Amino acid sequence: MLDIQSFDLKKEIDWVVKNDPGLERGEDLKYLVDYVKKQAGPEKLKEIIIEFEKFGLKMPDLAKLNFADWIPSSLPTSFMLVAVKKLDWEEKDVEMMGRRAPLLSPAIKFIIKYFVSPQVTLRKAGANWRKHYAFGEVEFINFDTKKKEIIFRLKNFKKHKITCVYLQGVFSQVVGMAVGSANIRVTETKCVFDGDPYHEYKFNW
């Protein structure tokens with residue numbers, strides 16, 4: 001269980017800025033800001049952005065930021081940390097935020113639109129990982145439709161432990177869309193923050 005409210009924001013954000021030097025698409029930050037605005041309102045969003053910039057971070061001009069622009073990966077992660085802390089959200093709230101993301105992602109909707117089979121759809125999504133993040137690779141370990149189980153690994157990807165929770169939500173939604181189930185159960189069976197060499201996720205439905 002991730003005790004988000006016990007985080008020391010400065011310590012966590014300093015770690016992110018120092019250890020998360022990669023790039024990701026502007027789509028992620030735009031989504032997070034929009035989600036927080038819808039959930040908490042524009043005034044609360046302003047407070048969160050002010051707090052975010054107190055840590056020496058600069059919020060890009062979101063009106064000019066294109067979905068496909070590359071931005072420092074530390075920005076979405078840091079914004080998420082500040083927002084979750086300020087809103088007193090728990091782990092379940094972070095996972096729900098992740099679950100909603102694929103429903104608005106043009107890339108994911110494009111893949112699902114040309115659905116062929118669960119295997120092909122998910123492998124195509126995995127192959128497109130580096131079009132979204134400039135680091136990390138997805139490797140499928142098991143795909144058993146009879147047992148209704150999928151296992152895959154996310155390698156060379158270390159952002160922040162809050163991202164593990166967020167991605168559980170993202171992956172659950174993508175897998176659910178691919179296999180046609182709204183009852184996806186996900187477990188992160190391995191995690192780099194627990195000393196494992198990669199993240200490993202198991203899905204059942």
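The values are calculated or read from the model by the stated rules, or taken from the named source; none is laboratory data. None of these values were measured; they are calculated from a predicted model. All Cβ positions, glycine included, derive from the backbone under ideal geometry; neighbour counts span all protein chains shown.
List of remarks:
- For the stretch 16-43, a residue qualifies if it is part of a helix (DSSP H, G or I), surrounded by 15 or more Cβ atoms within 10 Å (Cβ to Cβ) and out of contact with any helix residue (DSSP H, G or I) (no Cβ under 6 Å at 6 or more places or on another chain), and the qualifying residues are GLY26, GLU27, LYS30, VAL33, GLN39, ALA40.
- Residue in the stretch 84-107 that is part of a helix (DSSP H, G or I), modelled with pLDDT of 95 or more and in contact with a Lys or Arg (Cβ under 9 Å, 6 or more places away or on another chain) present: yes
- Test for GLY176: is it at pLDDT below 95 and out of contact with any helix residue (DSSP H, G or I) (no Cβ under 7 Å at 6 or more places or on another chain): yes
- Count of the stretch 151-185 residues which are of a type outside the set (A, V, I, L, M, F, W, C) and not in a helix (DSSP H, G or I): 10
- Residue list for the stretch 38-62, filter: within 22 Å of the chain's Cα centre (by Cα) and over 13 Å from LYS85 (Cβ atoms): LYS38, GLN39, GLY41, LEU45, ILE49, GLU53, LEU57, LYS58, MET59, PRO60, ASP61, LEU62
- Tally, over the stretch 181-196, of residues that are touching a residue at least 12 places away in the same chain (Cβ under 8 Å) and out of contact with any Phe, Trp or Tyr (no Cβ under 9 Å at 6 or more places or on another chain): 1
- Residue list for the stretch 108-144, filter: modelled with pLDDT of 90 or more, farther than 21 Å from LYS202 by Cβ and among the aromatic types (Phe, Trp, Tyr): TYR133, PHE135
- If only residues of the stretch 137-169 that are touching a Ser or Thr at 6+ places or on another chain (Cβ under 9 Å) and aliphatic (A, V, I, L, M) are counted, the one that is surrounded by the fewest Cβ atoms within 10 Å (Cβ to Cβ) is ILE151.
- For the stretch 68-83, the tally of residues that are at pLDDT 95 or above and part of a loop (DSSP other than H, G, I, E, B) stands at 2.
- Selected residue [of a type in the set (Lys, Arg) and either surrounded by fewer than 18 Cβ atoms within 10 Å (Cβ to Cβ) or more than 27 Å from LYS37 (Cα to Cα) (or both)] from ARG99, ARG185: ARG185
- Only residues that are in contact (Cβ under 8 Å) with a residue 40 or more places away in the chain and either within 12 Å of PRO76 (Cα to Cα) or surrounded by fewer than 15 Cβ atoms within 10 Å (Cβ to Cβ) (or both) were counted in the stretch 52-64, giving 1.
- Residue in the stretch 126-133 that is surrounded by fewer than 20 Cβ atoms within 10 Å (Cβ to Cβ), small (Gly, Ala, Ser) and free of Cβ contacts under 8 Å to residues at least 60 places away in the same chain present: yes
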